[in-house]
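Here the structure is laid out as C-alpha cells; the discussion comes afterwards.
The values are calculated or read from the model by the stated rules, or taken from the named source; none is laboratory data. This one's a predicted model, so the numbers in the text were calculated from it and none came from an experiment. Every residue, glycine among them, receives a Cβ derived from its backbone with ideal geometry; neighbour counts consider all protein chains shown. Protein only, heavy atoms only, side chains kept; ligands, DNA and RNA dropped before computing areas. Shrake-Rupley method; radii C 1.70, N 1.55, O 1.52, S 1.80 Å.
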Amino acid sequence: MGLGKYIARRAIYMVPLIIGISIVAFLVMYAAGDPIQLATAGNPSITEAQRNALREYYGLNDPIPMQYVRWLDHFVHADFGKSLYGGRPVNEIISTLFWETIKLQLVSILLAFLISLPAGIYSALKQRSATDYTISSIAIFGISVPVFWLGIVLILVFSFQLGWLPSAGAHGAPYLWPVFGIRNETLDELVHLVLPATVLTLAGLAYNVRLLRAGMLDVLRQDYIMAARASGISERKILYKYALKNAITPLITLLGISIGYMIAGAPITETVFSWPGLGRAYVAATLRLDFPLIMGITMIITIMILVANLITDMAYAWIDPRISIE
Amino acid sequence: MNILDVQNLKTHFFTEAGVVKALEDISFTVEKGCTVGLVGESGSGKSVTAQSVLRIVPKPGKIIGGKILFDGEDLLAKKEDDMRKFRGKKISLIFQDPTSSLNPLFAIGDQLADIVIQHDRVKKDQALEQVIKTLKVARLPDPEQSLGQYPHQFSGGMKQRICIARALLLNPQLLFADEPTTNLDVTIQAQIITLLKDLQRDLGMTLVMITHDMGIVAEMCKCVVVLYAGHVMESGDIETIFEKPHPYTEALLKAVPRLDQTRKLTSIPGNIPNLIDPPSGCVFHPRCQYAINICMEKVPPLEDVGGSHFITCHRWRELQGGR
Ligand SMILES: Nc1ncnc2c1ncn2[C@@H]1O[C@H](COP(=O)(O)OP(=O)(O)OP(=O)(O)O)[C@@H](O)[C@H]1O
Ligand code: SF4
Ligand SMILES: [Mg+2]
C-alpha cells in the first residue's frame, strides 16, 4: 500500500474518534456546572436577570445538542470560538501558548532520549557495576519523585537561595541581564528553560534508561548476536549496528507516546514554574469552566495523540521489516 | 594430522544459583578433513564446547582451564582481537536455530556482506559478490534476489541454507554445525544433511557435527566424541565405538527412539546430573548399570585403549574384554 493512501485511511479512521471524544468532553463539561454562576459568584449586586442575559449572550441557554452542533460547525471551520473570560478568540490564546509548551516539552523529551542512549547502553554492558547502580538509582529517583516536589525544591535552591535562575515564566528576567552583561532574547529563553526542563528530563530519562537497559540486556542474549560474534564481527559493530537497532524499538514507542502526550502531561510542571503554556491554561480554564477554551485544548490534545500514534506506527514499519503498514 | 586438539578444557558458568560446571574436563582431537560427531544428551556440553573453541562463551560463562590447539596454535593464549580474526574466517559455527540466529532487522545481503568486509577489508559490492557466490554453494535459489530480503521472508530450510552460507563465506578450515537440523521439518532435514555432506567432501573442510541423533552420526561421521555432563566419556572411530561402546554410549545406542519427542530422539532412564553439584567419582555412576563402589569414589581418567580409542571408565578392561 502506498504511504499516501495509508495516511489518508488512518486519517479517515480518526474522524469518528475525534467526534466521539468531543461529544464526551462536551457532556462532561456541561455536567460540571454553570460557568456564569461560577464567574459571577463573587459579585453580590448581580441579579438573576443579568445572569440570564449573559447565558443568552454566550448561547448557554440553548439545548445542549444544539450547542454542540454549533461548536462542531465552528470546529470544522477551524474556529474554537471565544473565551468566556474576556472574549479573546480561543484560536489566538492557543496559538500563543502552544509553542511555549512545545518548546519546553520537546527540549525535555529529546534530552531524555539522547542522554538515555549512552546511559542505557553503558549500564547494560557494565551490568551490576557501580556505574550501573548509580544510573539505576538516578532512574528510580526520577521515576519516584513527584514532579511538583522536585520543581519546588529546585526553585527554592536555585532561584530563592542562590538567585541564579528564574523561578517563573518563559521570558524576561531583567534582573539577570546585568549578569550576562547583554540583553539577549535566546539566552533569556534558555535561562528560563533550565529548571522546568531539568525536572521534565529527569522524569522522562528514568523510563528511557530502564527501557533501553532492559532491551539491550535482552538483545545481547539473542542468538543472532552470538552468531555475529561467531562470524568475527567487531564488538563495536555488534553493539552499535546489530544490537542497538533491536533494542531501541521500544524507545520509539515511548518517544511517540511522550510526544503525543506533550500537552496533556504538562499541567503540573507548567503550574509549578508558572510556565505560560497550554497545560497551565488548561488547568485554569477547567477551574473557571471556560467551555470554549476547555474544548479547544482538549481537541488539540486529542489530535496530537492521534497523529503521534500514526507517526509511531510508521516509524516502526520503517525500522522493522516484519511490520508492514497494512 | 590434527587440526584441532582440545586438552582438559574447563568452562564454568558463574551464575547466581552457583557455579555450573558445564565443561569439566574435555579432551579430544579432530583430524583434518574428517567429519567428527559430537554427541551427548541435552545439557551435556556440546554447544558450550563449540562456543569455547571460538571463545564466544556468553556471560556469566568463562573458560577457566585447558588448551585449545588449532593448527598447532593455542587459541586460549591469543589476544581477543587476534582471536576475532579466526572467527568466521578459520573456524565457523552453524547454529541450531536458523530463525533466531539471523538478525530480524537487517537484510540478508547486509548481514553476510559485513562479515566479508570485516575480514577482508573489501568494498561492499565485492563483498556482495562473494555473498552471492556462497549462497549458490549453499544451494539457495535466487541468491541475487535474496540479498535485499529479510530473514522472515524465508522458510526454515532456506534460512538454514543462508546460515550455512554465512559460515562458509570465507572458506573456513573448521566448521562446527550445532544440531543444524533439529528445528527443521523432517523432509528438509535430509536435504540439509546431504548438503553438509557434499560441502564437506567438495571443499575438503573439517566438520564437527553436533547432534543427538546416532543415525546422523552413523551416516556422516568417521569419528565420534561422546560427552556426558561436561566430561568426554569416549572418543574414537565409529566402527570401534559401535562395536565396543562405553557404558554411556551403549545406553545412548540402546535407548528407544521415542515418537512423542521429535527433538530428543533418545532417552536414557534417569536424568542428567545437576552441574552445580555433580555426582562424585564417575559422573555417570548414578545411571550406570555397571557401576561399582570405586565408581562413586574416584574420577576415572580418559585412557588410551589403543587404536585411537579413548575411554573414561574404571571398568573398561573387563567390560571391553567381556562383551
Ligand atoms: N548462558 C548460560 N548460563 C548458564 N548455564 C549455561 C549457559 N549456557 C549453557 N549453560 C549450561 O551448560 C551446560 C551445557 O549446555 P550446552 O548448551 O552446551 O548443552 P548441549 O549439550 O548443547 O545441549 P542441547 O542438546 O540441549 O543443545 C548446561 O547445563 C547448561 O545449563
Ligand atoms: S566408571 Fe563406573 S559408573 Fe562410570 S561408566 Fe564406568 S562402570 Fe559406569
Ligand atoms: Mg546445544
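Nearest 10 degrees, 0 to 90: what angle lies between the long axis of helix A:3-32 and the longest principal axis of chain A (Cα atoms)?
50 degrees
Sum -39500 (n - 2.57) across every DSSP H segment of at least 4 residues in chain A, then divide by the residue count to get the 222 nm mean residue ellipticity, nearest 500. Each step should come with its number before you reach the end.
Numbers: 15 runs with 228 residues, N = 326.
Rounded to the nearest 500, the figure is -23000 deg cm²/dmol.
Go through A:202, B:184 and list them by solvent-accessible area, largest first, probe radius 1.4 Å. It would help to have the intermediate numbers written out before the result.
Details: A:202 45, B:184 15 Å².
The ordering from most to least exposed comes out as A:202, B:184.
Could you work out how far helix A:249-260 tilts from the main Cα principal axis of chain A, as a 0 to 90 degree angle to the nearest 10?
20 degrees
What does the charge add up to near residue B:109, with Lys and Arg as +1, Asp and Glu as -1, over the other residues with Cβ less than 13 Å from its Cβ?
-3
Sorting B:19, A:199 by accessible area (1.4 Å probe), largest first, what list results? All intermediate terms of the calculation are to be shown ahead of the outcome.
Values: B:19 50, A:199 5 Å².
Descending accessible area places them as B:19, A:199.
When the chain is fully extended, how far beyond the present Cα-Cα distance does residue A:49 get from residue A:37, taking 0.36 nm per residue of separation?
Working: separation 12, 0.36 × 12 = 4.32 nm, distance 1.20 nm.
Separation in residues times 0.36 nm, less the Cα-Cα distance, equals 3.1 nm.
Hey, how many Å between the Cα centroid of segment B:23-94 and the Cα centroid of segment A:78-93?
Taking the Cα centre of segment A:78-93 as reference, the centre of segment B:23-94 is 74 Å away.
So, counting K/R as plus one and D/E as minus one, what does the shell of residues with Cβ under 11 Å around residue A:82 add up to? Don't jump to the answer; show the numbers that get you there.
Numbers: positive: A:88; negative: A:79, A:92, A:290.
Here the count lands on -2.
At what distance in angstrom do the alpha carbon centres of segment B:1-19 and segment A:129-172 lie from each other?
Spelled out, the Cα-based centre of one part sits 50 Å from the other.
Using a cut-off of 14 Å between beta-carbons, work out the net charge of the residues near residue B:218 (Lys and Arg +1, Asp and Glu -1, residue B:218 not included). Could you put the intermediate results ahead of the total?
Numbers: positive: B:197, B:222; negative: B:213, B:219, B:237, B:239, B:243.
With Lys, Arg at +1 and Asp, Glu at -1, the net is -3.
Could you go through segment B:26-36 in sequence order and give the Karplus-derived ³J(HN,Hα) for each residue, using 6.51 cos²θ - 1.76 cosθ + 1.60 with θ = phi - 60°, rounded to whole Hz, and x for Gly and Pro?
3J(HN,Hα) across segment B:26-36, in whole Hz: 10, 9, 6, 10, 10, 7, 4, x, 8, 10, 10.
Could you compute the FRET efficiency for residue A:10 and residue B:78, with r as their C-beta to C-beta distance and R0 at 41 Å, rounded to 0.05? Numbers along the way, then the final one.
Details: r = 55 Å, r/R0 = 1.34.
After rounding, the FRET efficiency stands at 0.15.
Tell me, how many Å apart are the Cα centres for segment B:207-232 and for segment A:234-306?
Their Cα centres are 58 Å away from one another.
Past the 22 Å Cα-Cα mark, which pairs from B:46/B:197; B:32/B:197; B:32/B:90; A:103/A:245; B:21/B:59? Intermediate results must be reported in sequence, preceding the final value.
On the way: B:46/B:197 20 Å; B:32/B:197 15 Å; B:32/B:90 13 Å; A:103/A:245 28 Å; B:21/B:59 14 Å.
Pairs exceeding the cut-off: A:103/A:245.
With a Förster radius of 41 Å, plug the Cβ-Cβ distance of residue B:19 and residue A:144 into 1/(1 + (r/R0)^6) and report the FRET value to the nearest 0.05. Walk me through the intermediate numbers first.
Details: r = 36 Å, r/R0 = 0.88.
Approximately 0.70, to the nearest 0.05.
When Cβ neighbours within 10 Å are restricted to other protein chains, what is their mean count per residue of peptide B:85-96? Numbers along the way, then the final one.
On the way: counts 1, 1, 6, 7, 2, 1, 2, 3, 5, 2, 5, 1.
Taking the mean over all residues of the peptide, I get 3.
For chain B, modelled as a Gaussian network with Cα springs under 10 Å, which listed residue fluctuates most, B:309, B:152, B:285?
Maximum fluctuation in the GNM of chain B, among the listed residues, is at B:152.
When the helix-only estimate is applied to chain B (DSSP H runs of n ≥ 4, each -39,500 (n - 2.57), divided by the residue count), what is the mean residue ellipticity at 222 nm, nearest 500 deg cm²/dmol? Don't jump to the answer; show the numbers that get you there.
Details: 12 runs with 111 residues, N = 323.
The helix-only estimate for chain B comes to -10000 deg cm²/dmol at 222 nm.
Span-like helices, chain B: DSSP H, alpha-carbon axial extent 15 Å or more, mean Kyte-Doolittle -1.0 or greater, which ones? Let's see the in-between values first.
Working: long enough: B:108-120 (18 Å, 0.17); B:124-137 (20 Å, -0.29); B:156-168 (18 Å, 0.28); B:186-203 (26 Å, 0.41).
Those that pass (Cα extent of 15 Å or more, hydropathy at least -1.0) are B:108-120, B:124-137, B:156-168, B:186-203.
What is the spin-label model distance, in nm, from residue A:64 to residue A:129 if the labels are put 7 Å beyond Cα along the C-beta direction?
6.0 nm
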